[in-house]
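Student: One structure, as C-alpha cells, below. Some questions next.
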C-alpha cells in the first residue's frame, strides 16, 4: 500500500483549502495510507478527517524567528518522510513545494505541487517562486481547471508535468430550492479579493427597485468594519453581514440567488455548491474559475470583471423575472458530475499510480 502525505500550512484553519484537503485525504484513505503533515498546529482540524488518516503537526508555531521556523519545519518533514517511508508528498500550495524540493533532489520521494491560486495571482514572492520551481522540477503540478493549465503552458517555458483536477463538491441537497424566497446570498472572507465592496455598490443601484429582496453576506475578515461603514454611508437597509456560517449548504438552500463579486479566484467551491443546490448565479467573469462553471445566460450571468453597473443590471433582471430564475435553476446542476468526489478521486488515483 502506497503511503501518501499532504503538506499543508495549518489544518486547523477553516478555509476552502483545508476543507478540500480533508475531502481528498478521506476519499483516498480506502486505497492508500494517508498522512497530513501540518506546518503549524493542525492536530485539531475544523473539518472532518477520517480516522484512517494520520494528522501530525510539524510545530512551526513554536519558533518565532522566520528563518529558524522554516528550518524546523523542513527537518520535521524530512524526519517524518523517512520515518514513515512516504512514497509521495503533495504540497497543498505551490509555496510549500519549497519544503519538498530538497527531498526531491535527494530522491527521497515523489513530489506533487497542488496549486490553489490561479496562475496570475501571487499573494507573495514565495508563491511566485514556488510556482516556477514546481513547474520545472515537481513530478507533477496539479492545477484547478483547464484555463489555468493553459495559463501555465503559455507563460512558463519549462514544465515537467502538469494536470488539472477539479476540486470536489459534496453537498446534500433538498431537491429544488425556492427561487421565490427573495434572499440573495454571497459568501467568502471579508477581504479585498472577494469584492464585497463592489457587490454593495451594485446593490446600492437597485435596492430601491427590488423592495422585497435582501442581500445576505456570509463570512468574516479584516474588511468587516469598512463594509459596515460603506453600508451605513450608502443608507442601505437590506444588506446584512451575517458572519461565519458553519453550514453553507443550509444557507444556500434557503436562498433564491447566489452572487459572486470576487476580483480574482483560484477555484470557486461555493459557486459550485450553489449550483449543486439549484441556485441561479450572477458572477463577475474574474480570473480564474467562474467561466468554467457558469454558462452565460443558461444557468446564470457572467459580467465583465469589475463592471458594477452591468452587474447591477444583470442581478436586477434575475430578481425581477421569475421565469428567468426558474430557467437558470433548471440548468444549474448541468455538467456538475466532473466535480463529484468519486470522479475527482479517480483522477487523483490515476495520477498517483502513474508516478
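Student: Give the residues of segment 14-38 that are in a loop (DSSP other than H, G, I, E, B) and either under 21 Å from residue 85 (Cβ atoms) or touching a strand residue (DSSP E or B) at 6+ places or on another chain (Cβ under 7 Å) (or both), sorted by residue number.
Tutor: Hits for segment 14-38 are 29, 30, 31, 32.
Student: Taking into account only those residues within segment 318-341 that are under 30 Å from residue 3 (Cα atoms) and touching a residue at least 12 places away in the same chain (Cβ under 8 Å), which is surrounded by the most Cβ atoms within 10 Å (Cβ to Cβ)?
Tutor: First, the residues of segment 318-341 that are under 30 Å from residue 3 (Cα atoms): 337-341.
Still in the list and also touching a residue at least 12 places away in the same chain (Cβ under 8 Å): 338-341.
Details: 338: 15, 339: 20, 340: 15, 341: 15.
Checked segment 318-341; the qualifying residue surrounded by the most Cβ atoms within 10 Å (Cβ to Cβ) is 339.
Student: Now, a different point. Tally the residues that are buried (at least 22 other Cβ atoms within 10 Å of the Cβ) and modelled with pLDDT of 95 or more, restricting the search to segment 141-164.
Tutor: The qualifying residues number 3.
Student: Quick one: residue 298 ticks every box in (1) more than 21 Å from residue 181 (Cβ to Cβ); (2) assigned to a loop (DSSP other than H, G, I, E, B); (3) under 21 Å from the mean Cα position of the chain (by Cα) bar one, so which box is it?
Tutor: Unmet for residue 298, out of (1) more than 21 Å from residue 181 (Cβ to Cβ); (2) assigned to a loop (DSSP other than H, G, I, E, B); (3) under 21 Å from the mean Cα position of the chain (by Cα): (3).
Student: Now, a different point. Among the residues that make up segment 46-58, is at least one of them under 24 Å from residue 249 (Cβ atoms) and either in contact with a strand residue (DSSP E or B) (Cβ under 7 Å, 6 or more places away or on another chain) or in contact (Cβ under 8 Å) with a residue 40 or more places away in the chain (or both)?
Tutor: Scanning segment 46-58 turns up at least one residue that is under 24 Å from residue 249 (Cβ atoms) and either in contact with a strand residue (DSSP E or B) (Cβ under 7 Å, 6 or more places away or on another chain) or in contact (Cβ under 8 Å) with a residue 40 or more places away in the chain (or both).
Student: How about segment 63-143: which helices (runs of 4 or more DSSP H) wholly inside it have at least 2 residues that are out of contact with any helix residue (DSSP H, G or I) (no Cβ under 9 Å at 6 or more places or on another chain) and within 21 Å of residue 35 (Cβ to Cβ)?
Tutor: Counting at least 2 such residues, we get 66-83.
Student: Please verify whether residue 282 is farther than 24 Å from residue 151 by Cα, in a strand (DSSP E or B), in contact with a helix residue (DSSP H, G or I) (Cβ under 9 Å, 6 or more places away or on another chain) and not assigned by TED's automatic domain parsing to the domain that holds residue 20, treating the condition exactly as stated.
Tutor: yes
Student: Would you check which residues across segment 218-260 are within 19 Å of the chain's Cα centre (by Cα) and under 17 Å from residue 319 (Cα atoms) and list them?
Tutor: Those that are within 19 Å of the chain's Cα centre (by Cα) and under 17 Å from residue 319 (Cα atoms): 252, 258, 259, 260.
Student: For segment 151-165, enumerate the residues that are in a loop (DSSP other than H, G, I, E, B) and within 22 Å of the chain's Cα centre (by Cα).
Tutor: Matches in segment 151-165: 165 only.
Student: Taking segment 286-295 as the search range and keeping residues that are in a loop (DSSP other than H, G, I, E, B) and either at pLDDT 95 or above or buried (at least 20 other Cβ atoms within 10 Å of the Cβ) (or both), which one is farthest from the chain's Cα centre (by Cα)?
Tutor: So, considering only residues that are in a loop (DSSP other than H, G, I, E, B) and either at pLDDT 95 or above or buried (at least 20 other Cβ atoms within 10 Å of the Cβ) (or both), the one farthest from the chain's Cα centre (by Cα) is 294.
Student: Follow-up. Picking from 315, 271, 302, which residue would you name as being under 26 Å from residue 123 (Cβ atoms) and crowded, with 22+ Cβ neighbours inside 10 Å? Talk me through it step by step, then tell me what you get.
Tutor: Working: 315 fails: under 26 Å from residue 123 (Cβ atoms); 302 fails: crowded, with 22+ Cβ neighbours inside 10 Å.
Matching residue, one of 315, 271, 302: 271.
Student: So, in segment 180-196, of the ones that are buried (at least 17 other Cβ atoms within 10 Å of the Cβ) and part of a helix (DSSP H, G or I), which residue ends up farthest from the chain's Cα centre (by Cα)?
Tutor: Out of the qualifying residues, it is 196.
The values are calculated or read from the model by the stated rules, or taken from the named source; none is laboratory data. Here the structure is a predicted model, which is why all the values come from computation and not from measurement. Here the Cβ is made from the backbone with ideal geometry for all residues, glycine too, and neighbour counts use every protein chain on show.
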